[in-house]
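The values are calculated or read from the model by the stated rules, or taken from the named source; none is laboratory data. Note that the coordinates shown come from a computational prediction; the quantities given were computed from them, not determined experimentally. Here the Cβ positions follow ideal geometry from the backbone for every residue, glycine too, while neighbour counts run over all protein chains shown.
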Amino acid sequence: PDLFEAPDYYNVDELLSDEHKLVRDAARQWVKREVSPIIEDFAQRAEFPDQIIGGLAEIGAFGPYIPVEYGGAGLDQISYGLIMQEIERGDSGVRSTASVQSSLVMYPIWKYGTEEQRKKYLPKLASGEFMGCFGLTEPDHGSNPGGMVTNFKDKGDHYLLNGAKLWISNAPFADVAVVWAKDESGRIHGLIVERGMEGFSTPETHNKWSLRASATGELIFDNVKVPKENLLPGKSGLGAPLGCLDSARYGIAWGAIGAAMDCYDTALRYAKERIQFDKPIAATQLQQKKLAEMITEITKAQLLAWRLGVLREEGRATSAQISMAKRNNVEMAIKIAREARQVLGGMGITGEYSIMRHMVNLESVITYEGTHDIHLLITGMDITGHAAFK
Ligand code: TGC
Ligand code: FAD
């Protein structure tokens with residue numbers, strides 16, 4: 001009774017283990033108790049609810065699949081996906097914070113970092129004592145991060161970092177930033193930049209109509225001296241940040257389902273209760289078409305995400321498969337949000353219901369982590385062998 005309605009038209013639950021269901025239900029209960037009651041207010045005020053950081057850590061949202069020895073939850077890829085689904089049922093901005101912390105900050109330190117870096121940062125990131133951000137996008141290089149101009153020079157006992165990043169989730173409050181920059185030969189490397197380093201600032205980006213409960217900002221590097229031990233030595237080249245994006249995009253493919261489920265659930269209940277022309281609007285063919293298409297698309301998206309999770313757990317998921325799921329599921333969610341909002345009529349535009357917030361949030365989700373167009377072009381490249389974006 002304490003849980004959300006969770007549409008499961010094809011009994012996808014039967015594909016889950018007992019552990020998956022426990023992890024999912026714990027996240028679901030926490031979101032219902034701690035996120036849903038407060039999130040509309042924070043979104044309206046464009047403020048990140050930092051009181052939820054401890055709870056996110058407790059449900060395993062910070063490093064779900066990072067080994068326990070580094071403070072992570074040591075879970076599998078399906079559990080990771082289910083946690084993202086439940087968080088985004090609450091709000092895409094809260095899921096963004098978890099995605100960035102886990103897949104864009106902890107993942108590169110775990111995969112490309114030294115043992116000292118892992119021990120120094122991962123447990124604190126897992127507990128939420130440290131919050132992190134990921135700097136790839138620049139003012140002039142969004143879809144084409146390989147063109148970045150942020151760079152560092154070897155000054156003997158340290159690196160000197162210059163440049164700027166834009167649209168960085170969590171930047172305004174992050175303690176550490178995983179920053180992608182070019183060395184003197186033009187090769188891309190990851191550097192761990194810490195708040196307090198001289199010449200490093202993180203101005204907040206205001207006036208967003210989307211992801212209002214998530215803090216977004218710039219990262220500015222003005223001759224920042226970065227200790228040499230802060231370079232991630234395990235992998236360089238554009239493939240290093242793109243490997244992190246694979247993990248985050250996979251989580252978003254699940255997360256979007258949560259937002260869609262919440263919109264569908266809200267619209268279905270409303271349609272059954274709302275009487276016009278002396279009958280529930282749910283009894284009209286037009287509203288049934290909307291609701292029936294929603295549950296069909298949610299079911300397809302669930303199966304796509306589940307299968308991708310199995311492949312990823314086996315180490316077999318390709319980047320192109322991940323792009324297909326991120327693109328499909330986010331578009332599915334945004335279409336459902338737009339339709340669900342109409343089912344609620346005028347009430348749909350108010351903050352009394354979560355739908356409009358999901359709808360505007362998803363405008364960011366369909367743009368970040370690779371735009372809808374870029375993911376289509378990745379599929380196109382994969383099946384034809386021609387890179388149309390070049
Ligand atoms: P391209 O020449 O195709 O590839 C460069 C190197 O990278 C390798 N590679 C990958 N490696 C791992 N994972 C992937 N997904 C990979 N895709 C490519 C590739 O094999 C190659 O390796 P090597 O060894 O030969 O050098 O690169 P390109 O410059 O042509 O670009 C390809 C393109 C357009 C697909 C890529 O640049 C891209 O994905 N652009 C979109 C940018 C993007 O997604 N930015 C996201 C920023 S972070 C963010 O939005 C966080 S939002 C907050 C939240 O998550 O909540
Ligand atoms: P552009 O690349 O300028 O694209 C503009 C339009 O052109 C898009 O429709 C795009 O699809 C299209 N386009 C581009 N190239 C082609 C092509 N070759 N062919 C056809 N069409 C094309 N980045 C980070 O590094 N870290 C973060 O934490 C982060 N958080 C974000 C949070 C929010 C709220 C937002 C909105 C963005 C965030 N981003 C982050 C940045 C995000 O990844 C970029 O916005 C995204 O990659 C697109 O880049 P852009 O905005 O510069 O758009």
Taking the range 57-103 as the search range and keeping residues that are within 13 Å of ligand 1 (Cβ to nearest atom) and among the aliphatic types (A, V, I, L, M), which one is farthest from residue 33 (Cα to Cα)? 100
Is it true that residue 53 is among the aliphatic types (A, V, I, L, M) and either touching a Leu at 6+ places or on another chain (Cβ under 7 Å) or within 16 Å of ligand 1 (Cβ to nearest atom) (or both)? yes
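So that you can scan it fast, the table gives a plain yes or no per residue for (1) over 29 Å from residue 21 (Cα atoms); (2) in contact with a Pro (Cβ under 6 Å, 6 or more places away or on another chain); (3) buried (at least 21 other Cβ atoms within 10 Å of the Cβ):
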| site | (1), (2), (3) |
| --- | --- |
| 249 | no, no, yes |
| 286 | yes, no, no |
| 303 | no, no, no |
| 307 | no, no, no |
| 332 | no, no, yes |
| 336 | no, no, yes |
| 340 | no, no, yes |
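Restricting attention to the range 13-34, does a residue exist that is in a loop (DSSP other than H, G, I, E, B) and more than 17 Å from the chain's Cα centre (by Cα)? Lay out the reasoning, then the answer.
Let us first name the residues in the range 13-34 that are in a loop (DSSP other than H, G, I, E, B), namely 16-17.
Cutting the leftovers down to more than 17 Å from the chain's Cα centre (by Cα) gives us 16-17.
There is at least one residue in the range 13-34 that is in a loop (DSSP other than H, G, I, E, B) and more than 17 Å from the chain's Cα centre (by Cα).
Out of 253, 248, 317, I need the residue that is among the aliphatic types (A, V, I, L, M) and in contact with a Lys or Arg (Cβ under 7 Å, 6 or more places away or on another chain). Which one? First the steps, then the outcome.
Values: 248 fails: in contact with a Lys or Arg (Cβ under 7 Å, 6 or more places away or on another chain); 317 fails: in contact with a Lys or Arg (Cβ under 7 Å, 6 or more places away or on another chain).
Of the residues listed, the single one that is among the aliphatic types (A, V, I, L, M) and in contact with a Lys or Arg (Cβ under 7 Å, 6 or more places away or on another chain) is 253.
For the range 284-390, list the helices (runs of 4 or more DSSP H) that sit wholly inside it and hold at least 2 residues that are closer than 22 Å to residue 263 by Cα and at pLDDT 95 or above; which are they? First the steps, then the outcome.
Working: elements: 285-313, 319-343, 355-365, 372-384.
Helices (runs of 4 or more DSSP H) meeting the threshold: 285-313, 319-343, 355-365.
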Has the range 257-272 got at least one residue that is outside any helix (DSSP H, G or I) and surrounded by fewer than 24 Cβ atoms within 10 Å (Cβ to Cβ)? no
Tell me which of these residue 230 doesn't satisfy, since it passes every other one: (1) polar (S, T, N, Q); (2) surrounded by 17 or more Cβ atoms within 10 Å (Cβ to Cβ); (3) within 12 Å of ligand 2 (Cβ to nearest atom). (3)
Just give me the residues in the range 35-57 being of a type in the set (Phe, Trp, Tyr) and either at positive phi or in a helix (DSSP H, G or I) (or both), in sequence order. 42
Determine which single condition residue 108 fails, assuming it passes every other condition in (1) out of contact with any Cys (no Cβ under 7 Å at 6 or more places or on another chain); (2) more than 11 Å from ligand 1 (Cβ to nearest atom); (3) more than 24 Å from residue 28 (Cβ to Cβ). (1)
Does any residue in the range 369-390 that is under 24 Å from residue 99 (Cβ atoms) come within less than 7 Å, Cβ to Cβ, of a residue that is part of a loop (DSSP other than H, G, I, E, B) and more than 6 Å from ligand 2 (Cβ to nearest atom) six or more places away or on a different chain, and which pairs are these? 372/366; 377/388
So, of the residues in the range 327-375 that are among the β-branched types (Val, Ile, Thr) and within 16 Å of ligand 1 (Cβ to nearest atom), which turns out to be farthest from the chain's Cα centre (by Cα)? 374
